[in-house]
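The structure appears right after this line, and notes come after that.
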Amino acid sequence: MTPVLRTERLLLDPYIPEDEEAFVALFQDARVSRWMGDGPTTEAEDRALFGRVFSKVYAEELFDVWAVRRDGRLVGHAEIKRTDEVDGHEIIYALAPEAWGCGLGTEIAEAVVAYAFDRLGLTEVHATVAAPNTASLSLLTRIGFAHVRDVREDDGSTTRVLTRRREQAAA
């Protein structure tokens, strides 16, 4: 069961059916979707994805997926899941453009990383970021992720793989 996470300004909680329109709007925004998965998809595909959040991800407790809310309004998306691409757990986050530039992306990423270390007991988490997505690369580097390798995609583009390791407590 995906837990509720709170940051200074954000609430990360499980999606509810009433979030569908805001979810689709977020994923249909080309400024956001260009960095998600394989890039922009159709509205029908995004609606089907939203449905699978309930019918598969939540129903089968596959991994954690959150709606990111600020002042009660959906402003983003976050998840953590095991992927073969990084051979470990990957954090994924997206933020609506109107919420860019004020540190909310950092709050989302830090909250999911803290959850991964403190509640899931992971020793490292990963992120995959398109090489041209300098804003996300900078954010992740600022919060302790290190570039570990590049993946050359079928279309010739480069995806950067970054890893953050859990800090070991002093003995």
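For the chain, what does the helix formula give at 222 nm: sum of -39500 (n - 2.57) over DSSP H segments with n ≥ 4, over the residue count, nearest 500 deg cm²/dmol? Intermediate results must be reported in sequence, preceding the final value.
Numbers: 5 runs with 47 residues, N = 171.
That comes out to -8000 deg cm²/dmol.
Using a simple spin-label model with pseudo-atoms 7 Å out from Cα toward Cβ, Glu110 and Met1 lie 2.8 nm apart.
What's the local net charge at Phe50, with K and R +1, D and E -1, over the other residues with C-beta under 9 Å away?
Details: positive: Arg47, Arg52; negative: Asp19, Glu20, Asp46.
Once all neighbours under 9 Å are counted, the net charge is -1.
Going by the alpha-carbon gyration tensor, a ≥ b ≥ c the square roots of its eigenvalues, is the range 1-55 rounded (a/c under 1.5) or, if a/c is not under 1.5, prolate (a/b greater than b/c) versus oblate? Because a/c hits 1.5 or more and a/b fails to exceed b/c, the range 1-55 counts as oblate. Modelled spin-label separation between Asp13 and Arg31, with each label point placed 7 Å from Cα along the Cα-to-Cβ direction: 2.7 nm. For the chain, a Gaussian network of Cα nodes joined below 10 Å ranks Ala94, Ala109, Ala146 by mean-square fluctuation, and the top entry is Ala146. Annotation for the range 1-32: GluC sites (Glu not before Pro) lying in DSSP loop with at most 16 further Cβ atoms inside 10 Å of their Cβ are Glu8. Here the 3J(HN,Hα) profile of the range 77-88, calculated from phi with Karplus coefficients 6.51, -1.76 and 1.60 at θ = phi - 60°, is 9, 8, 7, 9, 7, 6, 9, 5, 4, 10, 6, x Hz, Gly and Pro shown as x.
Result for the chain in a Gaussian network model with C-alpha springs under 10 Å: among Glu124, Glu43, Glu153, the largest mean-square fluctuation is at Glu153. Apolar share of the accessible surface for the range 21-131: 50 percent from carbon plus sulfur atoms, 1.4 Å probe.
I'd like to check one number: the per residue accessible area of the chain, probe 1.4 Å, reported in Å² as a whole number. It would help to have the intermediate numbers written out before the result.
Numbers: 9380 Å² over 171 residues.
Ligands and nucleic acids excluded, the result is 55 Å² per residue.
For the range 24-171, the extents of the C-alpha atoms along the principal axes are 52, 36, 32 Å, listed from largest to smallest.
The values are calculated or read from the model by the stated rules, or taken from the named source; none is laboratory data. Values in this document were obtained by computation on a predicted structure and should not be read as measured data. Reconstructed Cβ throughout: ideal geometry from the backbone, glycine too, with neighbour counts over all protein chains shown. Side chains are part of the model used for accessible areas, which takes the heavy atoms of the whole protein and leaves out ligands, DNA and RNA. Shrake-Rupley method; radii C 1.70, N 1.55, O 1.52, S 1.80 Å.
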